[in-house]
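Beneath this line is the structure, given in structure tokens, with notes to follow.
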Amino acid sequence: MNNNLPLTVKRTIELIGLMALVTVLVIGRDIIMPMLMAFFISIMLLPIYRFLKKRKFPESLSIILPILLVAIFVALIVWFFSNQIGVLVKDFPQIKANVTQHINSLSDWISRITKYNSADQKAFIQDKSDDLMNMGTSLAGGAAVTLSGIFVFIGLLPIYIYLMLFYKDILLRFIFMWFKTDHHPKVKEAIFETESIIKSYLLGLLIQITYMTILLGGILMLIGIEHALLIGVIFAMLNLIPYVGALIGNIIGVLLTLASSQEIAPVLYVLGVIALVQFLDNNILMPRIVGSKVKINALFAILGVFIGGTVAGVSGMFLALPVIAVLKIIFDRTDMFKQWGVLLGDERPAKSPMTFSSFRKKKPVPVKSGIENE
């Protein structure tokens, strides 16, 4: 791009480009999201692929074996959830009795503090149930379409992963050809750092799922909570979605505990154990595993999660953080987009840019350590 363009023109082009990118993501999410997921998984499988290549395995076999490992891992997860759902179905009569008791207790409490008696509450619940049934009927066709989309998504992943690993040198050459030769060292550095961050982040998430399942599920089993392992796995999986997942995991844990017990005390135990495990995860375990490589500020991490969820559902929420991290690596290495890298990062200037003009420029500045009061 011509560097002599007026600044307002450059910013206008950037904003138009941003809107065009979001539009493309919304329109082409069914094509783009499987490719993005395959890209991140293929980066994760690169060490295994390179190891097999060094051992003189044929290239096709070096790609297929890591994909089979991923397929086995996914199959084990599916088997576990199907097994746990079978246990829930077997316990359904007891669950129904527990839920009925909790609803009656709640109804009595509402009757004591409001003017609505049990008959009014039942009429209200019946009315809302009919509305939900009508809504469910109207959405049944959409659910079938979504389910078929999930199968297509899963079916395309191994194909995309195989082709990305097989043609990775072509893809790399394509990237280098976009830049002048004297910029290639920066491009190479960005590629290596992107690979390192993605591998560190995804491997950290796998380790996080493992230890959170063991910690949460194990502690809940020791104190006698029903479906403890299922609560542990669900919470660990949902925790992969930054910020939002933990809240949903808490709600599901409470609902499962309420459905499995006639008392309120187990719910408090579950919430207490979840809070303890989250404290250990956020302050001790995860920082040591992933470190501070993904330096994205909380504001844009949360925005990214919600935008990703709006654009592409759960997969978009899961991929939001690594995508933002990759964008930050690219922005930090280009003069034209360096300000966007600053916006996404968490390196707060030690002093206000309003009073120190040097902090308004595109160059590294002293940063604050930790969260301080202004």
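Observations on the model:
- Within the stretch 42-60, considering residues that are without any contact (Cβ under 8 Å) to a residue 12 or more places away in the chain and surrounded by 12 or more Cβ atoms within 10 Å (Cβ to Cβ), the one farthest from the chain's Cα centre (by Cα): PHE57
- Condition broken by ILE241, with the remaining ones in (1) at pLDDT below 80; (2) part of a helix (DSSP H, G or I) satisfied: (2)
- Odd one out for PHE179 among (1) in a helix (DSSP H, G or I); (2) modelled with pLDDT of 80 or more: (1)
- Filter result for ILE289 (at pLDDT below 80, surrounded by 13 or more Cβ atoms within 10 Å (Cβ to Cβ) and touching a Ser or Thr at 6+ places or on another chain (Cβ under 7 Å)): no
- Among residues of the stretch 214-266, those that are among the β-branched types (Val, Ile, Thr), without any contact (Cβ under 8 Å) to a residue 24 or more places away in the chain and either surrounded by fewer than 19 Cβ atoms within 10 Å (Cβ to Cβ) or more than 16 Å from VAL277 (Cβ to Cβ) (or both), counted: 6
- Test result for GLN84, assigned to a helix (DSSP H, G or I) and at pLDDT below 70: no
- Flag if LEU216 is within 30 Å of ALA246 (Cβ to Cβ) and either of a type outside the set (A, V, I, L, M, F, W, C) or within 24 Å of the chain's Cα centre (by Cα) (or both): yes
The values are calculated or read from the model by the stated rules, or taken from the named source; none is laboratory data. As the structure is a prediction and not an experimental result, all values here were calculated from the model. A quick note on method: Cβ atoms are made from the backbone with ideal geometry, for glycine too, and the neighbour counts reach across all protein chains shown.
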